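Trainee: Provided herewith is a single structure, encoded as C-alpha cells, for subsequent inquiry.
The values are calculated or read from the model by the stated rules, or taken from the named source; none is laboratory data. If you're wondering where the values come from, they're calculated on a predicted model, not measured in any experiment. Glycine also receives a Cβ, built like all others from the backbone with ideal geometry; neighbour counts cover every protein chain displayed.
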Amino acid sequence: MIQGLKNGTYKKIVVLTGAGISVSAGIPDFRSPGSGIYANLQKYNLKRPEDLFTISYFLEKPEVFYEFAKEFDLDSFDATPTHFFIRLLQDKSLLSMNITQNIDNLEAKASIQDDFLCQAHGSLRNAFCAKCKKEMDFLTFKEHVKAGAIYRCNAAGCGGPVKPEIVFFGESLPKSFFKSMKAVEECDLMLVMGTALAVSPFNQLPFFTSQGVHQILINRENTNATSAHDFEKGNYRLFVPGNCDDTIRKIVSDCGWEEEFEKVLPE
Ligand code: OAD
Ligand code: ZN
C-alpha cells in the first residue's frame, strides 16, 4: 500500500484523525488507560466520564465543564509531525479531506486549509448558548473560563450556560460532517490515525468507502470497529501499530519524501 503512495496510485486520500495524533503535542487522548482524560476525572465524581461532554449534564451542571476547561489552554500547543504529514499530502494535491474528531485546531497550525478540513466534533472558535443556541462572544467565554465563572446567555428570559462550539454527546454533528461523506465515497485511500473509533457516527465513516478501497489504520492499538464489514466488501485494512509520528516518518522515508517533509516542518 505504501508503494501506492509512492508511485501516485492514490490521488484522493481521506485522512480520519482522532486525539492520538495530538498526544505528542502534549494533549492527552480520551481513552488510553492511565493517561487518557477519561481515566483522570475522579475529582468531578461523574457517573460516566462522558458526562463531562454530555449536553444534558452540561445544562444541569455547567460548572464541571468550566472547571475542566480552565485546566486546558489549547492555544499553547503546537502541531505534530503527523499534522504536517497531512499538510504535505495537501501540498502534493493528494489530500481529498481530513475529517477530524479533534477540536484543538492544530490542523490550522499546520496550515491545513479549511477546504480540506472537516472538524466533525466542532472546534474552539465560537461559543453558543447551550439552551437557545444564540451565538455569544467567544473571547468573553474564554475570560469566564479563566475566571472560574459561568458565562450566561443574554437572550431575554434565557440565561442558559454558554459553551464552545464543540459537539457534546446528545448534539448533532455539523453539516460539514455530512457533506464530507462525498469525499469518503470517492476516496481511493483511507488513512485512519490516532483514534479508537469508539464514537458514532464518526466511526461509521470507514463503512462508506467504495468497494475495494484500501484502508490503513495507524494507531497504538487495533480497533475492531469495521473489520467484519471490510472483509465482506473486500476492503483491505492494514493495521500499522505504534506511535503515529514514528510511522509517518517511516512512510515519508519509504516514499522518498524526506526533503519535502523537512520543508513543511517548522524550524
Ligand atoms: P480516544 O482516546 O478514544 O482514542 C485515541 C486512540 O489513539 C487510542 O486508540 C490510542 O491508543 C491511540 N493513540 C494514543 N497516542 C497515540 C500516538 N502517539 N500514536 C498513535 N496512536 C495513539 O480518542 P478519539 O478516538 O479521538 O468526543 O475519541 C473520539 C471522541 O471521543 C472524541 O472526539 C470525544 C471523545 O468522547 C466527544 O467528546 C464528543
Ligand atoms: Zn440562550
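Trainee: Looking at segment 42-56, which of its residues are more than 12 Å from ligand 1 (Cβ to nearest atom) and surrounded by 15 or more Cβ atoms within 10 Å (Cβ to Cβ)? It would help to see each step written out before you state the result.
Mentor: The first filter runs over segment 42-56 and keeps only residues more than 12 Å from ligand 1 (Cβ to nearest atom), leaving 42-47, 56.
Passing the criteria: TYR44, LEU46.
Let's see how each residue does on (1) over 26 Å from ASN105 (Cβ atoms); (2) in a helix (DSSP H, G or I); (3) within 16 Å of ligand 2 (Cβ to nearest atom):
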{"position": "LEU16", "(1), (2), (3)": "no, no, no"}
{"position": "ILE21", "(1), (2), (3)": "no, yes, no"}
{"position": "SER35", "(1), (2), (3)": "no, no, no"}
{"position": "TYR38", "(1), (2), (3)": "no, yes, no"}
{"position": "LYS43", "(1), (2), (3)": "yes, yes, no"}
{"position": "VAL64", "(1), (2), (3)": "no, yes, no"}
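Trainee: While we're here: Return yes or no: is PRO161 in contact with a helix residue (DSSP H, G or I) (Cβ under 6 Å, 6 or more places away or on another chain) and either surrounded by 18 or more Cβ atoms within 10 Å (Cβ to Cβ) or within 14 Å of PHE202 (Cα to Cα) (or both)?
Mentor: Yes: the conditions hold for PRO161.
Trainee: Specify the residue that is farthest from ASP29 (Cα to Cα); the eligible residues are those in segment 175-208 that are polar (S, T, N, Q) and touching a residue at least 60 places away in the same chain (Cβ under 8 Å).
Mentor: Ranking the qualifying residues of segment 175-208, first place goes to SER180.
Trainee: Among the residues of segment 68-90, count how many are surrounded by fewer than 15 Cβ atoms within 10 Å (Cβ to Cβ) and modelled with pLDDT of 95 or more.
Mentor: Total meeting the criteria: 1.
Trainee: Something else: Restrict the check to segment 149-157 and report whether at least one residue is in contact with a Lys or Arg (Cβ under 7 Å, 6 or more places away or on another chain) and either closer than 22 Å to ASP29 by Cα or away from ligand 1 (no atom under 16 Å from the Cβ) (or both).
Mentor: Residues of segment 149-157 that are in contact with a Lys or Arg (Cβ under 7 Å, 6 or more places away or on another chain), as a first pass: 153, 155.
From what is left, the residues that are either closer than 22 Å to ASP29 by Cα or away from ligand 1 (no atom under 16 Å from the Cβ) (or both) are 153, 155.
Yes, that holds for at least one residue.
Trainee: Would you please list the contacts, defined by Cβ atoms under 7 Å and residues six or more apart or on different chains, that run from a residue in segment 215-243 that is on the phi > 0 side of the Ramachandran plot to a residue that is at pLDDT 75 or above?
Mentor: Qualifying pairs under 7 Å: GLY234/GLN211; GLY234/GLY212; GLY242/ARG220.
Trainee: Hey, among the residues in segment 215-236 that are surrounded by 19 or more Cβ atoms within 10 Å (Cβ to Cβ) and under 21 Å from the mean Cα position of the chain (by Cα), which one's modelled with the lowest pLDDT? Spell out how you get there, then give the answer.
Mentor: At the first step, the residues of segment 215-236 found to be surrounded by 19 or more Cβ atoms within 10 Å (Cβ to Cβ) are 215-219, 225-226, 235.
Next, only the ones that are under 21 Å from the mean Cα position of the chain (by Cα) stay: 215-219, 225-226.
On the way: GLN215: 91, ILE216: 92, LEU217: 92, ILE218: 95, ASN219: 95, ALA225: 62, THR226: 57.
So, considering only residues that are surrounded by 19 or more Cβ atoms within 10 Å (Cβ to Cβ) and under 21 Å from the mean Cα position of the chain (by Cα), the one modelled with the lowest pLDDT is THR226.
Trainee: Report, ordered by the first and then the second residue, all pairs with beta carbons closer than 7 Å, sequence separation of six or more or different chains, a first member in segment 135-160 that is touching a residue at least 40 places away in the same chain (Cβ under 8 Å), and a second member that is within 16 Å of ligand 2 (Cβ to nearest atom) and assigned to a loop (DSSP other than H, G, I, E, B).
Mentor: HIS144/ILE150; HIS144/TYR151; GLY160/ALA130; GLY160/LYS131; GLY160/CYS132; GLY160/CYS153
Trainee: Follow-up question, since we're still on this one. Could you say whether any residue in segment 161-174 is more than 16 Å from ligand 1 (Cβ to nearest atom), of a type in the set (Gly, Ala, Ser) and out of contact with any Lys or Arg (no Cβ under 7 Å at 6 or more places or on another chain)?
Mentor: Going residue by residue through segment 161-174, those that are more than 16 Å from ligand 1 (Cβ to nearest atom) are 161-162.
The next check asks that each one be of a type in the set (Gly, Ala, Ser); those that pass are none.
No, segment 161-174 contains no residue that is more than 16 Å from ligand 1 (Cβ to nearest atom), of a type in the set (Gly, Ala, Ser) and out of contact with any Lys or Arg (no Cβ under 7 Å at 6 or more places or on another chain).
Trainee: Select from segment 66-106 the residues that are in a loop (DSSP other than H, G, I, E, B) and of a type in the set (D, E, K, R) and write down the one among them that is farthest from the chain's Cα centre (by Cα). Break it down stepwise before answering.
Mentor: Within segment 66-106, the subset in a loop (DSSP other than H, G, I, E, B) is 71-73, 77-80, 92-94, 101-105.
Okay, now just the ones that are also of a type in the set (D, E, K, R), so 71, 73, 78, 92, 104.
Working: GLU71: 20, ASP73: 17, ASP78: 15, LYS92: 22, ASP104: 8 Å.
Filtering first and then ranking leaves LYS92.
Trainee: Is it true that some residue in segment 102-112 is within 16 Å of ligand 2 (Cβ to nearest atom) and buried (at least 18 other Cβ atoms within 10 Å of the Cβ)?
Mentor: Checked segment 102-112: no residue is within 16 Å of ligand 2 (Cβ to nearest atom) and buried (at least 18 other Cβ atoms within 10 Å of the Cβ).
Trainee: Need the failing condition index for LEU59 against (1) crowded, with 18+ Cβ neighbours inside 10 Å; (2) assigned to a helix (DSSP H, G or I); (3) modelled with pLDDT of 95 or more, just the number.
Mentor: In the conditions (1) crowded, with 18+ Cβ neighbours inside 10 Å; (2) assigned to a helix (DSSP H, G or I); (3) modelled with pLDDT of 95 or more, LEU59 misses (1) alone.
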